[in-house]
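**Q** Take a look at the following structure, please.
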Amino acid sequence: MVEGRSSRLPGFYALPANERIKVSAKISNLNDDEKEAIHQYGAISAELADTFIENAVGTYSLPLGIATNFLINEKDVLIPMAVEESSVLAAASHGAKLARYGHGFHTSSSDPIMTGQVQIFVSPDTPFDEILTRNKQMIIDYANVGQDRLINRGGGAQDLSWYYIPEIESLVLSLHIHTCDAMGANIVNTMCEKVSLLVAKEIFPGRDLGLRILSNLTDRRIAKATCHIPPEAFKSKQFSGQEVIERIYRAWQFAYYDIYRASTHNKGVMNGIDPVLIATGNDWRAIEAGAHAYCCKDGVYRPMTKWSITPKGNLYGELELPMAVGTVGGVTKLHPTAQAALKLLGKPNARELAEIICCVGLAQNLSALRALASEGIQQGHMALHEKNLDLLKKINQ
Ligand code: MEV
(Lines give C-alpha, C1' and ligand atoms only; values in the text may rest on other atoms or scores of the structure.)
Protein backbone atom coordinates (compact mmCIF):
# COMPACT_ATOMS: atom_id res chain seq x y z
CA MET A 1 0.00 0.00 0.00
CA VAL A 2 1.09 3.55 -0.64
CA GLU A 3 2.12 5.12 2.69
CA GLY A 4 -0.70 7.08 4.31
CA ARG A 5 -3.58 5.49 2.37
CA SER A 6 -6.35 3.95 4.43
CA SER A 7 -7.58 0.36 4.19
CA ARG A 8 -10.95 1.53 5.48
CA LEU A 9 -13.06 1.07 2.37
CA PRO A 10 -16.75 1.23 3.26
CA GLY A 11 -18.88 -0.13 0.42
CA PHE A 12 -15.91 -2.01 -1.07
CA TYR A 13 -17.85 -5.25 -0.67
CA ALA A 14 -20.68 -3.97 -2.84
CA LEU A 15 -18.49 -3.05 -5.86
CA PRO A 16 -18.18 -5.39 -8.83
CA ALA A 17 -14.83 -7.23 -8.99
CA ASN A 18 -13.41 -4.97 -11.73
CA GLU A 19 -14.12 -1.90 -9.60
CA ARG A 20 -12.63 -3.48 -6.47
CA ILE A 21 -9.38 -4.20 -8.27
CA LYS A 22 -9.26 -0.63 -9.62
CA VAL A 23 -9.64 0.73 -6.09
CA SER A 24 -7.04 -1.62 -4.60
CA ALA A 25 -4.60 -1.12 -7.46
CA LYS A 26 -4.79 2.62 -7.00
CA ILE A 27 -4.14 2.37 -3.28
CA SER A 28 -1.22 -0.01 -3.77
CA ASN A 29 0.11 1.56 -6.97
CA LEU A 30 -0.13 -1.66 -8.96
CA ASN A 31 0.77 -1.47 -12.66
CA ASP A 32 -1.38 -3.05 -15.40
CA ASP A 33 0.51 -6.35 -15.32
CA GLU A 34 0.14 -6.66 -11.56
CA LYS A 35 -3.55 -5.80 -11.82
CA GLU A 36 -3.99 -8.46 -14.44
CA ALA A 37 -2.08 -10.99 -12.33
CA ILE A 38 -4.68 -10.58 -9.63
CA HIS A 39 -7.78 -9.91 -11.68
CA GLN A 40 -7.85 -12.93 -13.92
CA TYR A 41 -8.62 -16.60 -13.88
CA GLY A 42 -5.62 -18.87 -14.32
CA ALA A 43 -2.56 -16.77 -13.54
CA ILE A 44 0.09 -19.37 -14.20
CA SER A 45 1.07 -20.74 -17.58
CA ALA A 46 1.17 -24.43 -18.36
CA GLU A 47 4.96 -24.09 -18.40
CA LEU A 48 5.07 -22.64 -14.92
CA ALA A 49 2.61 -25.20 -13.55
CA ASP A 50 4.91 -27.86 -14.95
CA THR A 51 7.86 -26.25 -13.18
CA PHE A 52 6.10 -26.25 -9.82
CA ILE A 53 4.83 -29.82 -9.80
CA GLU A 54 5.12 -33.10 -11.62
CA ASN A 55 2.35 -34.41 -13.88
CA ALA A 56 0.68 -31.01 -14.14
CA VAL A 57 -2.46 -31.02 -16.24
CA GLY A 58 -3.77 -27.58 -15.50
CA THR A 59 -4.35 -25.09 -12.72
CA TYR A 60 -6.93 -24.93 -9.99
CA SER A 61 -8.58 -21.59 -9.33
CA LEU A 62 -9.73 -20.27 -5.98
CA PRO A 63 -11.51 -16.99 -5.40
CA LEU A 64 -9.03 -14.29 -4.41
CA GLY A 65 -10.43 -11.49 -2.27
CA ILE A 66 -9.10 -8.53 -0.36
CA ALA A 67 -9.84 -8.10 3.32
CA THR A 68 -10.09 -4.51 4.44
CA ASN A 69 -9.83 -2.47 7.67
CA PHE A 70 -6.49 -3.87 8.84
CA LEU A 71 -4.48 -1.41 10.89
CA ILE A 72 -1.21 -3.06 11.88
CA ASN A 73 1.40 -1.22 13.93
CA GLU A 74 -0.41 2.03 13.02
CA LYS A 75 -0.17 1.30 9.26
CA ASP A 76 -3.07 0.35 6.99
CA VAL A 77 -2.67 -2.90 5.07
CA LEU A 78 -4.82 -4.62 2.42
CA ILE A 79 -4.91 -8.39 2.86
CA PRO A 80 -5.11 -10.71 -0.17
CA MET A 81 -6.84 -14.00 0.71
CA ALA A 82 -7.39 -17.04 -1.53
CA VAL A 83 -10.19 -19.20 -0.17
CA GLU A 84 -13.32 -21.04 -1.25
CA GLU A 85 -15.40 -20.55 1.92
CA SER A 86 -18.04 -17.83 1.99
CA SER A 87 -17.94 -15.32 4.86
CA VAL A 88 -14.19 -15.71 5.57
CA LEU A 89 -13.31 -12.38 3.93
CA ALA A 90 -16.27 -10.62 5.52
CA ALA A 91 -15.35 -12.01 8.94
CA ALA A 92 -11.66 -11.05 8.66
CA SER A 93 -12.60 -7.51 7.60
CA HIS A 94 -15.12 -7.31 10.44
CA GLY A 95 -12.61 -8.51 13.04
CA ALA A 96 -10.10 -5.93 11.79
CA LYS A 97 -12.76 -3.22 12.03
CA LEU A 98 -13.44 -4.14 15.67
CA ALA A 99 -9.70 -4.01 16.41
CA ARG A 100 -9.54 -0.46 15.01
CA TYR A 101 -11.51 0.72 18.04
CA GLY A 102 -8.33 -0.07 19.99
CA HIS A 103 -5.80 1.21 17.39
CA GLY A 104 -5.67 -2.04 15.47
CA PHE A 105 -3.08 -4.78 15.89
CA HIS A 106 0.42 -4.68 17.28
CA THR A 107 3.01 -7.28 16.42
CA SER A 108 6.41 -8.72 17.19
CA SER A 109 8.48 -11.63 15.93
CA SER A 110 11.72 -13.51 16.44
CA ASP A 111 14.52 -13.81 13.91
CA PRO A 112 13.66 -16.34 11.16
CA ILE A 113 15.42 -19.31 12.74
CA MET A 114 14.54 -22.71 11.29
CA THR A 115 15.45 -25.98 12.96
CA GLY A 116 16.69 -29.10 11.19
CA GLN A 117 16.90 -32.51 12.84
CA VAL A 118 19.62 -35.11 12.42
CA GLN A 119 18.83 -38.42 14.11
CA ILE A 120 21.64 -40.79 14.99
CA PHE A 121 21.33 -44.14 16.76
CA VAL A 122 23.69 -44.29 19.74
CA SER A 123 23.54 -46.31 22.95
CA PRO A 124 22.53 -44.48 26.15
CA ASP A 125 26.02 -44.85 27.66
CA THR A 126 27.63 -42.80 24.83
CA PRO A 127 29.12 -39.59 26.30
CA PHE A 128 27.31 -37.52 23.66
CA ASP A 129 27.13 -34.34 25.77
CA GLU A 130 30.89 -34.18 26.07
CA ILE A 131 31.46 -35.17 22.41
CA LEU A 132 28.96 -32.65 21.03
CA THR A 133 30.06 -29.80 23.29
CA ARG A 134 33.62 -30.31 21.99
CA ASN A 135 32.51 -30.49 18.33
CA LYS A 136 29.60 -28.05 18.31
CA GLN A 137 31.34 -25.14 16.58
CA MET A 138 32.98 -27.45 14.05
CA ILE A 139 29.55 -28.86 13.10
CA ILE A 140 28.06 -25.38 12.72
CA ASP A 141 31.02 -24.21 10.61
CA TYR A 142 30.78 -27.32 8.45
CA ALA A 143 27.05 -26.70 7.85
CA ASN A 144 27.91 -23.20 6.61
CA VAL A 145 30.51 -24.28 4.05
CA GLY A 146 29.30 -23.28 0.57
CA GLN A 147 26.52 -21.05 1.95
CA ASP A 148 28.28 -17.74 1.24
CA ARG A 149 25.22 -16.01 -0.25
CA LEU A 150 23.10 -16.81 2.79
CA ILE A 151 25.86 -15.82 5.19
CA ASN A 152 26.47 -12.52 3.35
CA ARG A 153 22.78 -11.71 3.86
CA GLY A 154 23.16 -12.29 7.62
CA GLY A 155 21.93 -15.89 7.66
CA GLY A 156 23.41 -19.37 8.07
CA ALA A 157 23.64 -22.05 10.75
CA GLN A 158 23.96 -20.29 14.11
CA ASP A 159 23.45 -22.82 16.87
CA LEU A 160 23.33 -26.52 17.64
CA SER A 161 21.42 -28.21 20.46
CA TRP A 162 20.61 -31.88 21.12
CA TYR A 163 18.56 -34.32 23.19
CA TYR A 164 18.30 -38.04 23.64
CA ILE A 165 15.21 -40.26 23.23
CA PRO A 166 15.96 -43.42 25.24
CA GLU A 167 12.93 -45.38 23.98
CA ILE A 168 14.39 -45.41 20.45
CA GLU A 169 18.07 -45.00 21.41
CA SER A 170 18.21 -41.88 19.30
CA LEU A 171 20.35 -38.82 19.67
CA VAL A 172 18.67 -35.87 17.95
CA LEU A 173 20.83 -32.97 16.82
CA SER A 174 18.90 -29.74 16.23
CA LEU A 175 20.66 -27.40 13.83
CA HIS A 176 19.32 -23.85 14.11
CA ILE A 177 19.61 -21.86 10.90
CA HIS A 178 18.83 -18.22 10.12
CA THR A 179 17.17 -18.35 6.69
CA CYS A 180 16.70 -14.57 6.11
CA ASP A 181 13.64 -13.91 3.92
CA ALA A 182 13.35 -17.49 2.66
CA MET A 183 11.02 -20.06 4.20
CA GLY A 184 14.18 -22.12 4.11
CA ALA A 185 13.10 -25.75 3.78
CA ASN A 186 15.66 -26.48 1.07
CA ILE A 187 18.48 -24.70 2.88
CA VAL A 188 17.73 -26.59 6.11
CA ASN A 189 17.41 -30.01 4.50
CA THR A 190 20.62 -29.48 2.52
CA MET A 191 22.52 -28.48 5.64
CA CYS A 192 21.15 -31.39 7.68
CA GLU A 193 22.19 -33.93 5.06
CA LYS A 194 25.62 -32.36 4.83
CA VAL A 195 26.17 -32.27 8.59
CA SER A 196 24.96 -35.85 8.97
CA LEU A 197 27.82 -37.09 6.79
CA LEU A 198 30.36 -35.43 9.10
CA VAL A 199 28.56 -36.71 12.18
CA ALA A 200 28.42 -40.29 10.93
CA LYS A 201 31.99 -40.29 9.67
CA GLU A 202 33.96 -38.37 12.27
CA ILE A 203 31.90 -37.68 15.37
CA PHE A 204 30.00 -40.92 15.94
CA PRO A 205 31.80 -43.29 13.55
CA GLY A 206 30.12 -46.59 12.94
CA ARG A 207 26.72 -45.49 14.23
CA ASP A 208 23.62 -45.61 12.11
CA LEU A 209 22.18 -42.38 10.78
CA GLY A 210 18.44 -41.85 11.03
CA LEU A 211 16.42 -39.04 9.48
CA ARG A 212 17.73 -35.68 8.32
CA ILE A 213 14.95 -33.18 7.82
CA LEU A 214 13.62 -29.84 9.01
CA SER A 215 11.04 -29.67 11.79
CA ASN A 216 7.81 -27.80 11.06
CA LEU A 217 7.53 -26.99 14.75
CA THR A 218 9.60 -23.85 14.17
CA ASP A 219 9.49 -22.65 17.76
CA ARG A 220 12.50 -20.39 17.24
CA ARG A 221 10.63 -18.66 14.40
CA ILE A 222 7.66 -17.12 16.13
CA ALA A 223 5.33 -14.25 15.24
CA LYS A 224 2.84 -12.59 17.55
CA ALA A 225 -0.15 -10.27 17.14
CA THR A 226 -2.09 -8.54 19.90
CA CYS A 227 -5.11 -6.24 20.16
CA HIS A 228 -6.91 -4.31 22.92
CA ILE A 229 -10.54 -3.50 22.19
CA PRO A 230 -12.84 -1.30 24.27
CA PRO A 231 -16.46 -2.32 24.98
CA GLU A 232 -18.00 0.30 22.66
CA ALA A 233 -16.74 -1.74 19.67
CA PHE A 234 -19.15 -4.53 20.60
CA LYS A 235 -22.36 -2.73 21.54
CA SER A 236 -25.34 -4.32 19.78
CA LYS A 237 -29.15 -4.19 19.94
CA GLN A 238 -29.12 -7.36 21.99
CA PHE A 239 -26.13 -6.86 24.32
CA SER A 240 -24.02 -4.15 25.89
CA GLY A 241 -20.36 -4.01 24.84
CA GLN A 242 -19.27 -5.32 28.23
CA GLU A 243 -21.64 -8.26 27.93
CA VAL A 244 -20.28 -9.20 24.52
CA ILE A 245 -16.72 -9.04 25.87
CA GLU A 246 -17.66 -11.38 28.71
CA ARG A 247 -19.37 -13.76 26.31
CA ILE A 248 -16.30 -13.78 24.02
CA TYR A 249 -14.11 -14.56 27.01
CA ARG A 250 -16.39 -17.43 28.03
CA ALA A 251 -16.34 -18.75 24.45
CA TRP A 252 -12.55 -18.78 24.60
CA GLN A 253 -12.63 -20.61 27.97
CA PHE A 254 -14.79 -23.29 26.36
CA ALA A 255 -12.01 -23.91 23.82
CA TYR A 256 -9.37 -23.83 26.56
CA TYR A 257 -11.02 -26.63 28.53
CA ASP A 258 -12.53 -28.71 25.72
CA ILE A 259 -10.59 -30.28 22.87
CA TYR A 260 -13.67 -30.69 20.66
CA ARG A 261 -14.28 -26.97 20.81
CA ALA A 262 -10.53 -26.15 20.60
CA SER A 263 -10.33 -27.94 17.28
CA THR A 264 -13.11 -25.82 15.76
CA HIS A 265 -11.80 -22.65 17.40
CA ASN A 266 -8.40 -23.30 15.81
CA LYS A 267 -9.96 -24.14 12.46
CA GLY A 268 -11.43 -20.64 12.61
CA VAL A 269 -7.98 -19.15 13.26
CA MET A 270 -6.57 -21.06 10.27
CA ASN A 271 -9.50 -19.73 8.18
CA GLY A 272 -7.64 -16.42 8.32
CA ILE A 273 -4.10 -17.73 8.06
CA ASP A 274 -4.27 -20.27 5.23
CA PRO A 275 -5.82 -17.95 2.62
CA VAL A 276 -3.00 -15.41 3.04
CA LEU A 277 -0.42 -18.19 2.84
CA ILE A 278 -1.99 -19.44 -0.36
CA ALA A 279 -2.26 -15.95 -1.89
CA THR A 280 1.43 -15.29 -1.19
CA GLY A 281 2.67 -18.67 -2.45
CA ASN A 282 3.61 -20.01 0.97
CA ASP A 283 3.43 -23.59 2.25
CA TRP A 284 0.20 -23.67 4.25
CA ARG A 285 0.60 -27.35 5.18
CA ALA A 286 3.87 -26.51 6.93
CA ILE A 287 2.25 -23.69 8.89
CA GLU A 288 -0.80 -25.82 9.78
CA ALA A 289 1.49 -28.60 11.08
CA GLY A 290 3.58 -26.17 13.15
CA ALA A 291 0.58 -24.29 14.51
CA HIS A 292 -1.23 -27.40 15.74
CA ALA A 293 1.95 -28.83 17.30
CA TYR A 294 2.71 -25.50 18.99
CA CYS A 295 -0.70 -25.23 20.61
CA CYS A 296 -0.26 -28.58 22.34
CA LYS A 297 3.35 -28.08 23.35
CA ASP A 298 2.39 -28.35 27.04
CA GLY A 299 0.86 -31.78 26.43
CA VAL A 300 -2.75 -30.62 26.04
CA TYR A 301 -4.32 -29.31 22.83
CA ARG A 302 -5.26 -25.68 23.50
CA PRO A 303 -6.80 -22.79 21.55
CA MET A 304 -4.20 -20.95 19.48
CA THR A 305 -5.45 -17.55 20.59
CA LYS A 306 -5.65 -16.16 24.13
CA TRP A 307 -8.45 -13.78 25.12
CA SER A 308 -8.82 -12.02 28.46
CA ILE A 309 -10.57 -9.03 30.03
CA THR A 310 -8.26 -6.26 31.23
CA PRO A 311 -8.80 -4.46 34.59
CA LYS A 312 -10.28 -1.56 32.56
CA GLY A 313 -12.85 -3.91 30.99
CA ASN A 314 -11.27 -4.04 27.51
CA LEU A 315 -10.91 -7.24 25.55
CA TYR A 316 -7.27 -8.27 25.12
CA GLY A 317 -6.36 -10.83 22.46
CA GLU A 318 -3.14 -12.44 21.38
CA LEU A 319 -2.01 -14.99 18.85
CA GLU A 320 1.52 -16.38 18.90
CA LEU A 321 2.48 -19.06 16.41
CA PRO A 322 5.46 -20.57 14.63
CA MET A 323 5.34 -18.79 11.28
CA ALA A 324 7.89 -20.00 8.75
CA VAL A 325 6.98 -17.95 5.70
CA GLY A 326 9.13 -16.60 2.92
CA THR A 327 8.98 -13.62 0.61
CA VAL A 328 11.78 -14.70 -1.73
CA GLY A 329 12.45 -17.88 -3.66
CA GLY A 330 10.27 -20.76 -4.79
CA VAL A 331 6.62 -20.28 -5.64
CA THR A 332 6.55 -16.89 -3.90
CA LYS A 333 9.02 -15.58 -6.43
CA LEU A 334 7.72 -17.34 -9.56
CA HIS A 335 3.96 -17.08 -9.16
CA PRO A 336 2.80 -13.75 -10.61
CA THR A 337 -0.25 -13.62 -8.33
CA ALA A 338 1.90 -14.26 -5.26
CA GLN A 339 4.23 -11.46 -6.36
CA ALA A 340 1.35 -9.03 -6.88
CA ALA A 341 -0.23 -10.13 -3.59
CA LEU A 342 3.02 -9.30 -1.79
CA LYS A 343 2.98 -5.88 -3.41
CA LEU A 344 -0.62 -5.36 -2.29
CA LEU A 345 0.58 -6.12 1.22
CA GLY A 346 3.25 -3.43 0.91
CA LYS A 347 6.20 -5.73 0.03
CA PRO A 348 6.78 -7.07 3.54
CA ASN A 349 9.91 -8.99 4.42
CA ALA A 350 9.48 -12.51 5.83
CA ARG A 351 9.15 -11.35 9.44
CA GLU A 352 6.64 -8.63 8.57
CA LEU A 353 4.59 -11.08 6.53
CA ALA A 354 4.60 -13.56 9.44
CA GLU A 355 3.31 -10.81 11.74
CA ILE A 356 0.59 -9.70 9.29
CA ILE A 357 -0.60 -13.30 8.98
CA CYS A 358 -0.94 -13.59 12.77
CA CYS A 359 -3.08 -10.42 12.75
CA VAL A 360 -5.40 -12.00 10.18
CA GLY A 361 -5.70 -15.19 12.27
CA LEU A 362 -6.52 -13.13 15.34
CA ALA A 363 -9.09 -10.99 13.49
CA GLN A 364 -10.73 -14.08 12.03
CA ASN A 365 -11.03 -15.73 15.45
CA LEU A 366 -12.35 -12.54 17.04
CA SER A 367 -15.05 -12.21 14.43
CA ALA A 368 -16.13 -15.85 14.81
CA LEU A 369 -16.21 -15.65 18.62
CA ARG A 370 -18.13 -12.39 18.57
CA ALA A 371 -20.80 -13.85 16.31
CA LEU A 372 -20.93 -17.23 18.08
CA ALA A 373 -21.17 -15.58 21.48
CA SER A 374 -24.00 -13.24 20.46
CA GLU A 375 -26.37 -13.80 17.54
CA GLY A 376 -24.73 -17.06 16.30
CA ILE A 377 -22.93 -17.45 12.98
CA GLN A 378 -25.68 -18.78 10.78
CA GLN A 379 -27.41 -15.43 10.35
CA GLY A 380 -24.40 -13.80 8.65
CA HIS A 381 -23.01 -16.97 7.16
CA MET A 382 -26.29 -18.05 5.60
CA ALA A 383 -26.86 -14.65 3.97
CA LEU A 384 -23.60 -15.14 2.05
CA HIS A 385 -24.24 -18.84 1.57
CA GLU A 386 -27.59 -17.99 -0.12
CA LYS A 387 -25.63 -16.84 -3.17
CA ASN A 388 -24.07 -20.33 -3.48
CA LEU A 389 -27.47 -21.96 -3.06
CA ASP A 390 -29.03 -19.76 -5.76
CA LEU A 391 -26.24 -20.70 -8.11
CA LEU A 392 -26.66 -24.38 -7.32
CA LYS A 393 -30.40 -24.12 -8.02
CA LYS A 394 -29.68 -22.52 -11.42
CA ILE A 395 -27.15 -25.24 -12.31
CA ASN A 396 -29.62 -27.98 -11.36
CA GLN A 397 -32.59 -26.50 -13.23
C1 MEV B 1 -16.15 -21.96 10.26
O2 MEV B 1 -15.38 -22.18 9.10
C3 MEV B 1 -15.28 -21.52 11.42
C4 MEV B 1 -15.97 -21.43 12.78
O5 MEV B 1 -16.60 -22.67 13.07
C6 MEV B 1 -14.90 -21.12 13.79
C7 MEV B 1 -15.37 -21.20 15.23
O8 MEV B 1 -16.30 -21.93 15.52
O9 MEV B 1 -14.71 -20.53 16.06
C10 MEV B 1 -17.04 -20.37 12.75
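**Q** If we scan the stretch 255-266, do we find a residue that is of a type in the set (A, V, I, L, M), over 10 Å from the mean Cα position of the chain (by Cα) and away from the ligand (no atom under 16 Å from the Cβ)?
**A** The answer is no; no qualifying residue exists.
**Q** So, in the stretch 37-74, how many residues would count as being free of Cβ contacts under 8 Å to residues at least 24 places away in the same chain and within 21 Å of Pro275 (Cβ to Cβ)?
**A** Count: 10.
**Q** Here's something else I'd like to know. Which ones in the stretch 141-182 are open to solvent by 60 Å² or more (accessible area, probe 1.4 Å) and assigned to a loop (DSSP other than H, G, I, E, B)?
**A** Val145, Gly146, Arg153, Glu169
Table: residues versus (1) open to solvent by less than 30 Å² (accessible area, probe 1.4 Å); (2) touching a strand residue (DSSP E or B) at 6+ places or on another chain (Cβ under 9 Å).
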position	(1), (2)
Phe52	no, no
Ala67	yes, yes
Leu71	yes, yes
Glu74	no, yes
Ser86	yes, no
Ser93	yes, yes
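**Q** Return the pairs, sorted by first residue and then second, in which the second residue is more than 10 Å from the ligand (Cβ to nearest atom), the first residue lies in the stretch 249-264 and is of a type in the set (Val, Ile, Thr), the beta carbons are less than 9 Å apart, and the residues are 6+ apart or on different chains.
**A** Filtered contacts from the stretch 249-264: Ile259/Val300; Ile259/Tyr301; Ile259/Arg302.
**Q** Just for the stretch 352-383: of the residues that are away from the ligand (no atom under 12 Å from the Cβ) and farther than 29 Å from His39 by Cβ, which one is most open to solvent (accessible area, probe 1.4 Å)?
**A** Here the answer is Gln379.
**Q** For the structure I just gave you, tell me whether Glu85 is farther than 30 Å from Ile187 by Cβ and either within 16 Å of the ligand (Cβ to nearest atom) or part of a strand (DSSP E or B) (or both).
**A** yes
**Q** Do we have Thr190 as in a loop (DSSP other than H, G, I, E, B), away from the ligand (no atom under 16 Å from the Cβ) and more than 25 Å from Gly104 (Cβ to Cβ) here?
**A** When the stated conditions are applied, Thr190 does not pass them.
**Q** Also, quick follow-up: For the stretch 103-118, does any single residue satisfy the condition of being in a strand (DSSP E or B), among the β-branched types (Val, Ile, Thr), over 24 Å from Ala350 (Cα atoms) and open to solvent by less than 60 Å² (accessible area, probe 1.4 Å)?
**A** yes
**Q** Looking at Lys333, Lys237, Lys297, Lys347 in this structure, which one is out of contact with any helix residue (DSSP H, G or I) (no Cβ under 9 Å at 6 or more places or on another chain), modelled with pLDDT under 95, more than 24 Å from Tyr101 (Cα to Cα) and more than 14 Å from the ligand (Cβ to nearest atom)?
**A** Sole residue among the options that is out of contact with any helix residue (DSSP H, G or I) (no Cβ under 9 Å at 6 or more places or on another chain), modelled with pLDDT under 95, more than 24 Å from Tyr101 (Cα to Cα) and more than 14 Å from the ligand (Cβ to nearest atom): Lys297.
**Q** What are the residue pairs meeting all of these: first residue in the stretch 119-139, first residue free of Cβ contacts under 8 Å to residues at least 40 places away in the same chain, second residue surrounded by 10 or more Cβ atoms within 10 Å (Cβ to Cβ), Cβ atoms under 6 Å, and 6 or more apart or on different chains?
**A** What qualifies is Lys136/Leu160.
**Q** Could I ask something else about it? Looking at the stretch 206-325, what strands (runs of 3 or more DSSP E) fall wholly within it and have at least 2 residues that are in contact with a Phe, Trp or Tyr (Cβ under 7 Å, 6 or more places away or on another chain) and open to solvent by less than 50 Å² (accessible area, probe 1.4 Å)?
**A** Those strands (runs of 3 or more DSSP E) span 222-229, 305-309, 315-322.
The values are calculated or read from the model by the stated rules, or taken from the named source; none is laboratory data. In this text, all values refer to a predicted model and were calculated from it rather than measured experimentally. Neighbour counts run over all protein chains shown; Cβ positions are idealised from the backbone, glycine included. When the accessible area is computed, the model is the full protein with side chains, heavy atoms only, and any ligands, DNA or RNA have been set aside. Shrake-Rupley method; radii C 1.70, N 1.55, O 1.52, S 1.80 Å.
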